[in-house]
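Asker: Pasting a structure below so you can have a look.
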Amino acid sequence: WISPNHLFGSSSAMEIEASSVVQEEMVKSAVMHQQQKISLFGSSIGAFNTVRGLSSNLQTVQNALGSLLDSAESAMNLFNFSDPWKSTVAFSAILLLWVILVTVPTRMLIFASGVGQFGSTLYERIRASKSHDIAPSGTKSTEDSPVATWLSNAFLGLPSDEDLRRSYFWDTQRIVALESSSRSSDKRNSRLANLWNAKWYGKIEIVKKVADKKLDRKPAFGLIQGHRVLWWGSVNEFDGGEAVSGQIFLQGHAGIATPSPMETYSLKGELLDRVVAVFGRGGSSQERMTLICASRDERLAFEEAVQSAIQEKAD
């Protein structure tokens, strides 16, 4: 900083000195204020980094505690037959250990463990010397024992409480879905027998021509009521009370027909045993519908129901 001496003019020496002191103090104050801002900003960044590091450490501790609790739950589930085979092996091993501790004196067990440790070490030395594969002094083999690996994998394969909850949840969902489907089927069969008085009903596939030598097969649900063949787009549409997708009246010129040459050519193999064509009066004119039943027996039952409806009409 350079004092602006050219501005003082005819001022006294004391005034000049006082002005210089005031200006120096103002400059020092400005510098200190700026340094405080910088230190405050730096401390904020440091605190933020500290919080981030603390969060990472807490996550690590949480994962470690979760793994420890899962291991404890798996150990408890070893004794409640969550895995029947492993629980049986564990109880058998405990029973065998109990029998050994009861029948064999403790000093003999200590002696046998020491001899076993000595014998295993001696055996490894002899085997290594025969294979000329002696490890350098001070080094240890990193290969795990097959028994230790088997025990580790068996323990890791035990389910925790969360694994059991998830497994039981999906099992419960499947059971509920099966029970719901069974109730819907029973309700549908009751409606068809008592309300619709259906002579035949079941899932079918309707065959339609979409292009030259190409057929389209659409799933549907059909039934025969009185002198009518009715069908819906699906079982759910029938259960929901929706309007029929189509119907054929078995009146006038009506009956069972054989598949057309094009249908016979396209529907080969076992489909030919399940395909049947029915014709009759549609909404405004004669219609013919080709359908594929679920099985050969269903096709025969469908043909019998159509013949029965036509016979009742004739009577």
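Values quoted throughout were computed directly from the atomic coordinates according to the rules given, and no laboratory measurement underlies them. The structure presented is a predicted model; accordingly, all values stated were derived computationally and were not measured. Every residue, glycine as well, gets a Cβ built from its backbone with ideal geometry; the counts of neighbours run over all protein chains shown.
Asker: Where the centroid of each part is defined by its Cα atoms, how far is region 56-72 from region 173-232 in Å?
Answerer: Taking the Cα centre of region 173-232 as reference, the centre of region 56-72 is 54 Å away.
Asker: According to the square roots a ≥ b ≥ c of the eigenvalues of the Cα gyration tensor, what is the shape class of region 211-310, taking rounded for a/c under 1.5, prolate for a/b larger than b/c otherwise, and oblate for the remainder?
Answerer: Rounded is the answer for region 211-310, as its axis ratio a/c remains below 1.5.
Asker: Which value, in debye to the nearest 20, gives the size of the charge dipole of region 243-290 about its Cα centre, when Lys and Arg are +1 and Asp and Glu are -1 at the Cβ?
Answerer: My answer is approximately 100 debye.
Asker: Follow-up question, since we're still on this one. Along the Cα→Cβ direction, 7 angstrom out, place labels at Lys203 and His253. What is the inter-label distance in nm?
Answerer: 3.6
Asker: Now a separate question. Starting from the Cα-Cα distance between Gln286 and Arg217, subtract it from 0.36 nm times their residue separation and give me the gain in nm to one decimal.
Answerer: Full extension from Gln286 to Arg217 adds 22.7 nm.
Asker: Right, another one. How far apart, in nm, are the 7 Å Cα→Cβ label points at Ile94 and Ser167?
Answerer: In this crude label model, Ile94 to Ser167 measures out at 1.9 nm.
Asker: Computed FRET efficiency, Cβ-Cβ of Ser129 and Thr149, R0 41 Å: what is it to the nearest 0.05?
Answerer: It comes to 0.95.
Asker: What is the Cα convex hull volume of region 169-250 when expressed per residue in Å³?
Answerer: Residue-normalised Cα hull volume stands at 123 Å³.
Asker: Give me the Kirkwood hydrodynamic radius of region 140-294, using the inverse of the mean 1/r over all pairs of distinct Cα atoms, in Å to one decimal.
Answerer: Across region 140-294, the inverse of the average 1/r is 19.9 Å.
Asker: Loop only per DSSP, at most 13 neighbouring Cβ atoms within 10 Å: give me the trypsin sites (Lys or Arg not before Pro) in region 157-220, ordered by residue number.
Answerer: In loop regions of region 157-220 (DSSP not H, G, I, E or B), the sparsely surrounded trypsin sites (Lys or Arg not before Pro) are Lys213.
Asker: Taking the simple approach of a point 7 Å from Cα along Cα-to-Cβ for both Arg183 and Asn63, what is their distance in nm?
Answerer: Taking the simple label geometry, Arg183 and Asn63 are separated by 4.5 nm.
Asker: Just subtract the alpha-carbon distance of Met76 and Thr103 from 0.36 nm times their residue separation and send over the number in nm, one decimal.
Answerer: 6.9 nm
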